1. Find the percent of Cα-Cα distances in the stretch 87-127 that exceed 17 Å, and round it to a whole number.
2. What's the Cα-based Rg to Rh of the stretch 74-152, Rh via Kirkwood?
3. Would you please state the base-10 log of I(q)/I(0) at q = 0.12, 0.17, 0.29, 0.30 1/Å for the stretch 287-346, with intensities from the Debye formula using one equal scatterer on every alpha carbon?
4. Mind checking the per residue accessible area of the chain for me, 1.4 Å probe, whole number of Å²?
5. Ignoring everything except DSSP H segments at least 4 long, calculate the 222 nm mean residue ellipticity for the chain; use -39,500 (n - 2.57) per segment, divide by total residues, nearest 500.
6. Separation between the Asp246 and Asp316 pseudo-spin-labels, each 7 Å from Cα along Cα→Cβ, expressed in nm?
7. Decide, for the stretch 40-80, between rounded, prolate and oblate: order the square roots of the alpha carbon gyration tensor eigenvalues as a ≥ b ≥ c, take rounded if a/c falls under 1.5, and otherwise choose prolate if a/b is larger than b/c, else oblate.
8. In a GNM of the chain with a 10 Å cut-off on Cα contacts, which of Ile279, Ile187, Ile293 has the highest mean-square fluctuation?
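The values are calculated or read from the model by the stated rules, or taken from the named source; none is laboratory data. In this text, all values refer to a predicted model and were calculated from it rather than measured experimentally. With ideal geometry, Cβ positions are generated from the backbone for all residues, glycine too; neighbour counts draw on all protein chains shown. Each accessible area value is taken on the protein alone, full model and side chains, heavy atoms only, with ligands, DNA and RNA left out. Shrake-Rupley method; radii C 1.70, N 1.55, O 1.52, S 1.80 Å.
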Amino acid sequence: GGGGNLQISKSFRDPLLCSMLRFLLGLLLVEAVFCTTYFKETFGSDWEKTWTPSSKKSDYGKWKLTSGKFYGDKEKDQGIQTSQDAKFYAVSASFDEFSNEGKDLVIQFSVKHEQNIDCGGGYVKVMPTTDAAQVDGDSKYYVMFGPDICGATKKIHFIFHYKGKNLLWKKEPRCETDTFSHVYTAIIKPDGTYEVLVDQVKKESGTLEEDWDFLKPKTIPDPNDKKPKDWVDEAEMADPEDKKPDDWDDEPEQIADPEATQPDDWDEEEDGKWEAPMISNPKFKGEWKAKMIPNPEYKGVWKPKEIDNPEYEADDNLGKYTDVGSVAFDLWQGKSGSIFDNVIIT
């Protein structure tokens, strides 16, 4: 909170390292001067003038302003914290609508799970202008971005809303799971590419079309293509040069137990001739099979050829929005205590 501090002091205790990182982030902030900042929040004492809790439900968890259990500067490192366990939370802020047509859309914020979170969200939603009192899990959003932790799930969410559907990211990079502050950044570029950074280090990148199911696939398997009758599917074959050894069948599958002895009270007149019980023969070799060798006729796994998908329609406007106007933290937490800060949308 306050003065653009990106909370490095919450994550690192070493003063020299802290100073170096502040300097590097300072350079990044200088670069940011040359772009348009549509929304910036560092959570000072007047944060409630900008942010409004949702009243869509009566039992939402309460937010509180705090710098947490440890910090570098108590005032500057303030953020809003979830304060009640096993609660849904919803709070949002609105700003002048903008379009990201022809320019980068950057979404950035910091979160500190100082409670050692066991299950809960730590993400932000970027939305069209939305009535803050009505924000809930069903509210339309354009982008949902940030860490999500619950049991074995420890990933960064990056979800786009497109034509009535929320599209999950095909990639699942691991999020940070310690109790320190971390800065999450999503950059959506006008050419349809993107980058995700954690603490200013690139974590993932790619294209919107390839990494989300915005569109139908460009090509599909040809439904009329059939596997040739002479196609060889077997990768290996029995070696025709391999021969069964002459003594292979000399040993029977079972033999009389050589360690068995006739009981002292055995009476041949009453019990018949005593015979040792049969046991598996350790020398029995089983059914002989020729060794397997690579099949020279093997052609690989057959797949039908790909053809152009008649249902594919290109869209040059993926990730482009004309009325971005609200940002929200809309999430659930089992163990509360996460502190959110330094929200920037440019």
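1. On the way: 416 of 820 pairs.
Value for the stretch 87-127 (Cα pairs over 17 Å): 51 percent.
2. Working: Rg = 14.6 Å, Rh = 14.9 Å.
The Rg/Rh ratio comes out at 0.98.
3. -0.74, -0.95, -1.30, -1.31
4. Working: 19940 Å² over 346 residues.
On a per-residue basis, the chain sits at 58 Å².
5. Working: 4 runs with 30 residues, N = 346.
After summing the helix terms and dividing by residue count, I get -2500 deg cm²/dmol.
6. 8.2
7. Details: a/c = 3.86, a/b = 1.79, b/c = 2.15.
Verdict is oblate for the stretch 40-80.
8. Most flexible of the set in this elastic network: Ile279.
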